[in-house]
Every structure is written in structure tokens, then in C-alpha cells.
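Participant: Let me give you the structure first, and then I'll get to my questions.
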Amino acid sequence: MKKTAVVTGASSGIGEATARRLAAEGYDVVAGARRRERLDELSAKVPSIRPVTLDVTSQESVDELAAELERCDVLVNNAGGAFGMESVAEGRLDDWQRMYDTNVLGTLRMTQALLPRLIESGDGVLVLLTSTAGLVAYEGGGGYVAAKHAQSSMAGTLRLELVGQPVRVVEIAPGMVRSEGFAVTRFRGDEAAASRVYEGVPDPLTSDDVADAIAWCVTRPSHVNIDRLVMRPRAQAAQHKVHRVSG
Ligand code: 8X3
């Protein structure tokens, strides 16, 4: 029987790329997201991807998905994102709440709901998509930096708590990824501000690069746990050290 991978936030960007890649690796993929029509398009192109309407901020929605799953070998907690670039002093409470609810509590809801299935599989892999924002702070990072640090520490805690169980806990922490939507959402729809993030940067990472890393981690032999994989484009040596070429 084919293994099943569940990917959240699978309607675009890293989630969509991961769903496609895991399908290519031979998994039955359950692709969850709120934007159902995009998932339906994806599934029409890749039949081993099953679309499921999912809102990780809703316990009911998460429970519904868990109830109809026959098995789960891999869970990729990808849903999340950044809202706003204000300083902490100017940060909006509702943005911080939303970032916490999607990135942190979304991962918690999905993990709690599917952990029994991952254990049952006898060789489960739990993937948490964090960010380099989960490792260092930066100005304007605000609630995103806070949420990603929380998610990153959740990965560490889970690994300790699950030792002895047949589940690996893998944290993927990408730096600059030019993925559909991420920066636009962060800048509240301001496309110009969003594209300045990547201006002059030769080859930021792509969603496919991150999907490739996820696929590599989950397809290692079952005794090999990649605790944390930090990845950046060659042009980004550190959060603040980005090489840009002009015009
Ligand atoms: C996104 C990377 O540098 O914008 O997760 O925080 S960064």
C-alpha cells in the first residue's frame, strides 16, 4: 500500500511544490488548504494528489480531515505566513494573533490530530516548516519572528518527547525564498514593496528548492533523523547579509 503524506497550505508556493514533489516520489498526497479551487486544479494535473478543504486555524476543520484519513506516514506542517512589517512597538495585535494562530497553533492542531496516525504507521515523519526567522531576530520581523521561534522550539520539544516512538521530527528553516504570495501578504498586498525584497538578488531560493529538501529529509532511511535543515540562497550569507547586483 502506498504511503500517505499530508501537506498543509498546499494551494500555492512551498506547499504546492511539496505536494507535487512527494507525489512524484510515490506518495498518495492529501493536499489541504482553504483555496479549494486551486487544489482541484492541482489534483486534476496530478491524480495522486487528493484535495481537501482545510483551515488549520479551525479545530473542526482539522478534526474533519483527521477523521477521514486512513493513514498518515508524513505530515508537512507548511501552512503559515507573515502579516505586516511593523516594529514591535507599532505591531498590530490582530496580525500577531493571526500569525500565532496559523504558524504555531495550526501546527499544534495538525500535529495533535495526526500524531496517532504517524505513530501507527511505524515510520512517521513530522515536518515543520519554520524559517531562518525562527533562528534569529531582525527589525520588522515582529510577530513572524516570534511565531517562527515558537514553532522551532516546538520541533525541539516534540523530538525530545517522541524519542523511542517511530516518528522523526524534521525542521526545515529556509531563508530567502521567492515564493508566490509570501512577501505580498507580508506587505499587505503592496506588490512593489514585495518585489523590492528580492531586488537584485541573483537567484533567491524557489519553492521547488525547498520541496526538494523536504523530499530528501523524508526519504532518508528510517533511522536517519535530519533534525534541522537550514537553507539559504548563495547570495544570502546571513539574515542581514544579502548580495544584490544593480540593474
Ligand atoms: C521567510 C524568511 O528572511 O523573510 O521565512 O524571515 S525571512
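The values are calculated or read from the model by the stated rules, or taken from the named source; none is laboratory data. Just so it is clear, the structure is predicted and the values come from calculations on it, not from any experiment. No Cβ is skipped: glycine too gets one built from the backbone with ideal geometry, and neighbour counts run over all protein chains shown. Keep in mind that these areas ignore ligands, DNA and RNA; they rest on the heavy atoms of the full protein, side chains included. Shrake-Rupley method; radii C 1.70, N 1.55, O 1.52, S 1.80 Å.
Participant: Could you point to the residue in V136, L114, S87 farthest towards the positive end of the chain's charge dipole, with +1 and -1 charges on the Cβ of Lys/Arg and Asp/Glu respectively?
Facilitator: Comparing the listed Cα positions along the dipole, V136 ranks first.
Participant: Pick from Y100, Y27, Y138: which residue has the top mean-square fluctuation in a GNM of the chain where Cα pairs under 10 Å get a spring?
Facilitator: Comparing Y100, Y27, Y138 in a Gaussian network model of the chain, the most mobile one is Y138.
Participant: What order do you get for 72-81, 89-98 when each peptide is scored by the mean count of other beta carbon atoms within 10 Å, highest first?
Facilitator: Numbers: 72-81: 26.1, 89-98: 13.4.
The densest-packed peptide leads the list: 72-81, 89-98.
Participant: Counting only helical runs of four or more DSSP H residues, what would the 222 nm mean residue ellipticity of the chain come to if each run contributes -39,500 (n - 2.57) and the total is spread over all its residues?
Facilitator: Computed ellipticity for the chain at 222 nm equals -12000 deg cm²/dmol.
Participant: Related question: Tell me, in nm to one decimal, what length is gained between E70 and S195 on full extension, where the rule is 0.36 nm per residue of separation less the Cα-Cα distance?
Facilitator: Length gained, E70 through S195: 40.8 nm.
Participant: Using alpha carbons only, how many angstrom separate the centre of segment 199-247 from the centre of segment 69-87?
Facilitator: 17
Participant: Please state the relative contact order of segment 4-242 as a whole percent: Cα pairs under 8 Å, 6+ residues apart?
Facilitator: That works out to 20 percent.
Participant: Same structure again: Given just the C-alpha atoms of the chain, how large is their convex hull per residue in cubic angstrom?
Facilitator: Cα convex hull per residue, to the nearest whole number: 126 Å³.
Participant: V245 to E120: FRET efficiency via 1/(1 + (r/R0)^6), r the Cβ-Cβ distance, R0 51 Å, to the nearest 0.05?
Facilitator: On the way: r = 51 Å, r/R0 = 1.00.
My answer for the efficiency is 0.50.
Participant: So what is the accessible area of the chain per residue, in Å², with the probe set to 1.4 Å?
Facilitator: In whole numbers, the chain has 47 Å² accessible per residue.
Participant: Report the local net charge at P166: Lys and Arg +1, Asp and Glu -1, summed over other residues whose C-beta lies under 11 Å from its C-beta.
Facilitator: Neighbourhood net charge equals -2.
Participant: Taking K and R as +1 and D and E as -1, what net charge do the other residues with C-beta under 14 Å from the C-beta of L93 add up to?
Facilitator: -3
Participant: In segment 152-182, whose amide N lies under 17 Å from the spot 7 Å out along Cα-to-Cβ of T219? List them in ranges.
Facilitator: none
Participant: If amide H atoms are built 1.01 Å from N in the plane of the peptide, which residues on other chains or at least 5 residues away come under 5 Å of the amide H of L229?
Facilitator: E171, I172, A173
Participant: Starting from the Cα of K241, draw a straight line to each of the lysines and keep only those under 27 Å, dropping any in the same chain fewer than 8 residues away.
Facilitator: Cα-Cα hits under 27 Å: K148.
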